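Peer 1: Before we start, here is the structure in question, set down as structure tokens.
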Amino acid sequence: MIRQLTVKNLRNLELQDTKIYPGYNLIVGENGQGKTNFLEAIYLLAYGKSFRDEKSKIVNWKEEEARVFGKTDNDTLEIIIRKNAENKVLINNKIKKTGALIGRFVCVIFHPQEIEIVSGAPSLRRSWLDRLISTVDKNYLHSLIEYNKALQNKNKLLKMSAADSRMEVWDRILSKLGAKIWMRRRASVDQINQILRRESRRLTNKDVFIDYNSPLISSTLKESENTYYKQLLSKRAQERRLLATIFGPHRDDFRIIFEQTEEKNILQKEVSSFGSRAEQRQSILLLKWAEARLFAEHFGEAPTILLDDVASELDEKNRQLLTHLYARQVIITTTTPTLLPKQIRSKAKVLKMIGGKLQST
């Protein structure tokens, strides 16, 4: 849980030091005042990067760098974002790599663009799943980084029409790393689905789950590596024509399914294609609930949840789901607090955001 946040020169946020409380924290203000920027600052301390656009826009246009400093239950965390240099990360006043932030302070975010996890490109679903797994498993993050490096090297060779003998080196590396990634993703989706099914039944009387089919079904890692390598060899000619690697976890996708029983018949609905806008938003909320529960089980405490203008994105029925959040701390931004359930408003510490400055009410 984050206790205190100091921000300087992040977008329109001026130098300020803010105490953040357990339970509900409600940040109220008109559009464009800096509410989302405040959540972005918190998210930066958790993951070392923004959930929004490129680094150059994070720093106030008049300045060369932005700073975010936070005190959590166990650590002091600081990140310095520079326009023309690498970011600098400090944990308990010691310089660390950005990846060292992951797992120190855990948060889950819901913002309006996240509906694209359901309805957007497969890369958005892969990114969500990869970030979730990387938060609880740094070995997975390392495998992912090394896999992407190997993938880039192989694709360069394909564009150069290099000999098969040069390609084989990278195919062996991709087989080893790719099989490991696929097996970890499959195990993680099984774990997420246990939570997702349980929570969706409890909250919505629907059975919601992720439909993920890995191309590898071998029971051991070695068998998976061998199967993976054979698949790469079988696709070599096609890859030479397309000048790209066409088999691997970089092409993964998954679907979110709503399942209901009507008159003893089990009906399944694929949400991205056949779900209403309300159902798509509900599915994202449920994914976030499952994410929070997974983190709580792994780290032994509930994460901080960040909700960006969520009230205006949800219908009344889905807003009521917000009262079932599994978190020690929730930070919500809104232009219209009356849209939020009364159970939340009555318990919330309210701050007002005006022109990049937070004020107590």
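Peer 1: Of the residues that sit in region 302-336 and are acidic (Asp, Glu) and either modelled with pLDDT under 90 or assigned to a strand (DSSP E or B) (or both), which one is surrounded by the fewest Cβ atoms within 10 Å (Cβ to Cβ)?
Peer 2: 316
Residue-by-condition table, conditions (1) over 24 Å from the mean Cα position of the chain (by Cα); (2) within 22 Å of residue 148 (Cβ to Cβ); (3) surrounded by 17 or more Cβ atoms within 10 Å (Cβ to Cβ):
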| site | (1), (2), (3) |
| --- | --- |
| 184 | no, yes, yes |
| 202 | no, no, no |
| 218 | yes, no, no |
| 231 | yes, yes, yes |
| 246 | yes, yes, no |
| 264 | yes, no, no |
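Peer 1: Which residue pairs have Cβ atoms closer than 6 Å, lie 6 or more positions apart in sequence or on different chains, and pair a first residue in region 1-19 that is more than 18 Å from residue 304 (Cβ to Cβ) and in the same structural domain as residue 33 (by TED's automatic domain parsing) with a second residue that is at pLDDT below 95 and among the acidic types (Asp, Glu)?
Peer 2: Within 6 Å, the pairs are 9/63.
Results for (1) in the same structural domain as residue 230 (by TED's automatic domain parsing); (2) under 24 Å from the mean Cα position of the chain (by Cα); (3) under 15 Å from residue 47 (Cβ atoms), shown as yes or no for each residue.
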| position | (1), (2), (3) |
| --- | --- |
| 134 | yes, yes, yes |
| 148 | yes, yes, no |
| 158 | yes, no, no |
| 165 | yes, no, no |
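Peer 1: Still on this structure, please answer the following. Being within 17 Å of residue 208 (Cβ to Cβ) and in contact with a helix residue (DSSP H, G or I) (Cβ under 8 Å, 6 or more places away or on another chain): is that true of residue 293 here?
Peer 2: yes
Peer 1: Evaluate the following for residue 278: is it hydrophobic (A, V, I, L, M, F, W, C), assigned by TED's automatic domain parsing to the domain that holds residue 170 and closer than 25 Å to residue 42 by Cβ?
Peer 2: Criteria not met by residue 278.
Peer 1: Could you look through region 115-167, keep only residues that are in contact (Cβ under 8 Å) with a residue 40 or more places away in the chain, hydroxyl-bearing (Ser, Thr, Tyr) and assigned to a helix (DSSP H, G or I), and pick out the one that is nearest to residue 270 (Cα to Cα)?
Peer 2: Applying the filter and picking the extreme gives 119.
Peer 1: Still on this structure, please answer the following. What's the number of the only condition in (1) surrounded by fewer than 17 Cβ atoms within 10 Å (Cβ to Cβ); (2) assigned by TED's automatic domain parsing to the domain that holds residue 275 that residue 112 fails to meet?
Peer 2: (2)
The values are calculated or read from the model by the stated rules, or taken from the named source; none is laboratory data. In this text the structure is predicted, and so the values were computed from the model without any measurement. Here Cβ is always computed from backbone atoms with ideal geometry, including for glycine, and neighbour counts include all displayed protein chains.
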